[in-house]
Amino acid sequence: MTARMLGSGRASRRSVAALSTGAALLATTLATPRVSADEPEPVAVYHPDRVPPSSAKLTLGLIGGGLFGLAYGATLASSFAWETDPGASDLRIPLVGPWMKVGRTELCEEEVDGCSNALQVVGAVGAGFGGVFQAAALALLVDAILLPSAPTTAQSDGSGFVRVVPILGTSATPSGASTYGVSVFGAF
């Protein structure tokens, strides 16, 4: 009988501990005041009627063209570095070549001289990255072409000038013939 009491005492201690922990959590939750933070004002304001200057098209086009040149150059160089690899000649085709190379990647049937499974996997991953970079760079080029931009307007501060200068005299020709003309130059 005493063993039964001791066993029930342990269970009651556990249930008292669980109940007291639950009560403490409930009291803490109910007693804590509600906290809220004011949202900060947005730093960037979107103006749908404003468009970037026309120089943004050139910058975006140069970045896209440069990235495409780097990505294609890297895949082209790797196609010549590993000419015997299956699908290496496909890398010479822009944009779709790397994906064709990934599709033709095969693991080595046995470890022979010059064939390594790790090298095949690294080559396929590298070709995949080359394809992704070429596609992203092409997307930048298309975006540069389709980007609406503000027309360029000439802003004059009034400091422009035009000079017209007559040219009279002999030229530096072997015959020594006289030449006449007018030179126009200036800054606008």
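Looking only at the range 23-66, count every residue that is surrounded by 11 or more Cβ atoms within 10 Å (Cβ to Cβ) and polar (S, T, N, Q) and tell me the total.
3
Kindly provide the set of residues from the range 68-127 that are surrounded by 12 or more Cβ atoms within 10 Å (Cβ to Cβ) and among the aromatic types (Phe, Trp, Tyr), ordered by number.
Of everything in the range 68-127, those that are surrounded by 12 or more Cβ atoms within 10 Å (Cβ to Cβ) and among the aromatic types (Phe, Trp, Tyr) turn out to be Phe68, Tyr72, Trp82, Trp99.
Cβ contacts < 7 Å: first residue more than 12 Å from Ala127 (Cβ to Cβ), restricted to the range 93-109; second residue modelled with pLDDT under 90 and of a type in the set (Ser, Thr, Tyr), any location; separation 6+ or different chain. Result?
Qualifying pairs under 7 Å: Cys108/Ser116.
Of all residues in the range 89-128, count the ones that are modelled with pLDDT under 90 and either in a loop (DSSP other than H, G, I, E, B) or among the hydrophobic types (A, V, I, L, M, F, W, C) (or both).
17
Taking the range 30-72 only, how many residues are under 26 Å from Leu141 (Cα atoms) and outside any loop (DSSP other than H, G, I, E, B)?
Summing the residues that are under 26 Å from Leu141 (Cα atoms) and outside any loop (DSSP other than H, G, I, E, B) in the range 30-72 gives 19.
I'd like to know if the range 16-32 contains one or more residues that are modelled with pLDDT of 85 or more and under 30 Å from Ala124 (Cα atoms).
No, the conditions are met nowhere in the range 16-32.
Considering only the range 16-56, state which residues are in contact with a Ser or Thr (Cβ under 9 Å, 6 or more places away or on another chain) and not β-branched (Val, Ile, Thr).
Those that are in contact with a Ser or Thr (Cβ under 9 Å, 6 or more places away or on another chain) and not β-branched (Val, Ile, Thr): Pro52, Pro53, Ser54, Ser55, Ala56.
The values are calculated or read from the model by the stated rules, or taken from the named source; none is laboratory data. Nothing here was measured: the structure is a model prediction, and the numbers come from that model. Neighbour counts are summed over all protein chains in view; Cβ atoms, including those assigned to glycine, are modelled from backbone coordinates with ideal geometry.
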